[in-house]
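Contents: one structure, followed by commentary.
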Amino acid sequence: MNAIQQIIAGSSHPELASLITSRLGVEPTKVLLSQFKNKETSVEITTSVRNDDVYIIQSGSSKINDSLMELLILINACKGNSAQRITAVIPYFPYSKQSKKKKHRGAIAAKLVANILSISGVDHIITMDLHASQTQGFFDRPVDNLYAEPTIAQWIQENVDDWENGVVVSKNAGGAKRVTSLADRLNIDFALIHKDRARTGRADQSLSTPENIYNRLEDEDDDYDDSLVDAETGHEVHRAFVDETSHMTLVGDVQDKVCFIVDDMIDGCHSFLEAADNLVSHGAKQVYIIATHGILSGNSLRQIEECTSVHKVVVTNTYPFPAEKRALSSKLKVLDISATLAEAIRRTHNGESISYLFTQVPKSL
C-alpha cells in the first residue's frame with residue numbers, strides 16, 4: 001500500500017478533517033489560511049506538493065461562499081505548484097440544491113460550481129449524497145458520489161427498538177427513490193406523503209420588482225423551508241403568494257409503527273415537522289427525522305425540540321456543527337461519517353474500487 005502523500009484540510013470543517021486524517025494515520029499538510037482586511041481569501045502551502053497526489057478536504061458550511069472560494073484557491077495553488085493529481089473531498093457539495101432552473105430567469109448554480117472547480121485544476125471529486133443525481137453529469141472530471149445510507153441503516157438497526165416494525169417515509173414525491181432504497185436495505189415498508197398546494201391569493205406586486213424578487217422556490221423534490229434573504233438589506237423575503245392552502249395525503253400504513261422520515265438534507269424544518277405531525281395523527285408510534293446533511297438553519301433546532309411529534313433527529317457530520325448549536329436540542333444525534341470518507345481516500349490513492357462503500361460501512365482503518 002502506497003502512503004498517502006498530502007492531505008490538506010480547509011477551514012470549513014476542521015473536526016471532520018481531523019477525524020479523517022486520524023483514521024488514515026496521516027498528518028495534514030501545513031497551510032496558512034487567512035483573509036485580508038477586505039475579506040479576500042489568502043492561501044499559502046508551506047510544504048512542497050510537486051509530483052504528489054493531494055487530497056483537499058473542504059465541505060460546505062454556514063459561510064458557504066468563503067468555503068467555496070477557499071477550496072478553489074487551494075486547488076489552484078496546488079496546481080500551480082506542480083501537484084500530480086488533486087482530489088477535492090467535498091462531503092456537502094455547495095449549491096447542490098440549485099441543480100436545475102426553478103424559474104425562467106434562474107441559474108443552474110450547481111453546474112456553475114462544477115465548471116469553476118474544473119477550471120481551477122481539480123482532477124477528481126469525492127462527495128456524498130448529492131441533492132440530485134444529475135449533478136454528476138455537470139463535471140468533465142471523475143466524480144464519486146458516496147452514500148450515507150449504510151451508516152444510517154446500521155445506526156437504525158443498533159439503536160432503534162422495534163425497527164423491524166418500522167416504515168421509511170418520504171415527505172414528498174421527489175424523495176420516493178431515496179426512501180425505497182433504505183426500506184429495501186432494512187426490509188421494511190415505506191410510505192409517501194403527498195402535499196397538494198392550492199394558491200388562492202394574488203401575487204404581492206411589491207415583491208415582484210427586479211430589486212426585491214426572491215420568490216420561494218418550490219418543487220416536488222426540493223424543500224425550501226426558510227425564507228430567502230435580500231442580499232442588500234438582510235431582511236427576510238417571503239413568497240409572493242399571500243394565500244395558500246395545502247392538503248397532505250398519506251399513502252401507506254403507519255399505525256403503531258416507528259416512522260423514519262428520510263431526506264438528503266434538512267435545512268429549514270417546517271415541512272419535516274408538518275410530516276411528523278401528520279404521521280402521529282395517523283397513529284405512528286415514534287417519528288425519527290433522518291438526513292445526511294444537517295444544515296438546520298435559523299431556529300430549526302429549537303423548533304424541533306419544541307415539536308412533540310418528533311422523537312429524534314439523526315444527521316451525519318458532513319456539515320459542521322458547533323458545540324453550542326448541538327446543545328440547542330436534546331433530540332439531535334450526529335453520526336460520524338469519517339470512516340467512509342477516509343476509506344474512499346485510501347482506496348482512491350491505491351487504485352482500488354470504491355463500490356464496496358456504496359453498500360457497506362467500512363471497518364476501522
**Message:** For residue 146, what residues show an amide H to amide H distance below 5 Å, using hydrogens built from the backbone and excluding near sequence neighbours?
**Reply:** 127, 128, 129
**Global geometry of region 322-365, whether rounded, prolate or oblate, following the gyration tensor of its Cα atoms and the 1.5 cut on a/c** = prolate
**Complete:** Gyration tensor on Cα atoms of region 126-203, a ≥ b ≥ c root eigenvalues, a/c under 1.5 rounded, else prolate if a/b beats b/c, else oblate, says oblate
**Asked** So if R0 is 22 Å, what FRET efficiency would residue 176 and residue 136 give, r being the distance between their Cβ atoms, rounded to the nearest 0.05?
**Response** 0.65
**Request:** Could you tell me whether the chain comes out rounded, prolate or oblate from its Cα gyration tensor? Rule is a ≥ b ≥ c as square roots of the eigenvalues, rounded for a/c under 1.5, then prolate if a/b exceeds b/c, otherwise oblate.
**Result:** oblate
**Complete:** Along region 92-99, Karplus-curve 3J(HN,Hα) (6.51, -1.76, 1.60; θ = phi - 60°) to the nearest Hz, with x for Gly and Pro, reads 10, 7, x, 6, 5, 5, 9, 9
**Message:** Order 72-80, 115-123, 87-95 from most to least packed using the mean count of other Cβ atoms within 10 Å.
**Reply:** 87-95, 72-80, 115-123
**Request:** For residue 318, list long-range residues whose amide hydrogen, built 1.01 Å from N in the peptide plane, is under 5 Å from its own amide hydrogen.
**Result:** 294
**Request:** Rounded to whole Hz and in sequence order, give me ³J(HN,Hα) for region 318-323 from the Karplus expression 6.51 cos²θ - 1.76 cosθ + 1.60, θ = phi - 60°, writing x for Gly and Pro.
**Result:** 5, 10, x, 10, x, 4
**Request:** Just subtract the alpha-carbon distance of residue 101 and residue 79 from 0.36 nm times their residue separation and send over the number in nm, one decimal.
**Result:** 4.7 nm
**Complete:** Cross-link reach from residue 102 to lysines, straight Cα distance under 27 Å and at least 8 residues apart if same chain, gives 63, 111, 171, 177, 195
**Asked** Highest mean first, what order results for 351-358, 273-280, 61-68 on Cβ atoms within 10 Å?
**Response** 273-280, 61-68, 351-358
**Request:** Write down the accessible area per residue of the chain in Å², having rolled a 1.4 Å probe over the full set of protein chains.
**Result:** 48 Å²
**Item:** Nonlocal amide H pairs with residue 265, under 5 Å, H built at 1.01 Å
**Value:** 292, 293
**Prompt:** With θ set to phi - 60° and the Karplus curve 6.51 cos²θ - 1.76 cosθ + 1.60, what are the ³J(HN,Hα) couplings of region 162-175 in order, to the nearest whole Hz, using x for Gly and Pro?
**Reply:** 6, 5, 4, 9, x, 9, 8, 10, 9, 7, 8, 5, x, x
**Message:** As a test, work out the antiparallel percent of DSSP beta bridges whose residues both lie in the chain, rounded to the nearest 5.
**Reply:** 30 percent
**Asked** Counting only protein heavy atoms, what percent of the accessible surface of the chain is carbon or sulfur at a 1.4 Å probe?
**Response** 47 percent
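The values are calculated or read from the model by the stated rules, or taken from the named source; none is laboratory data. Predicted model, so just to flag it, every value in this text is computed and none were measured. Note that we place each Cβ from the backbone using ideal geometry, even for glycine, and neighbour counts take in every protein chain shown. Accessible surface areas use protein heavy atoms only, side chains included; no ligands, DNA or RNA. Shrake-Rupley method; radii C 1.70, N 1.55, O 1.52, S 1.80 Å.
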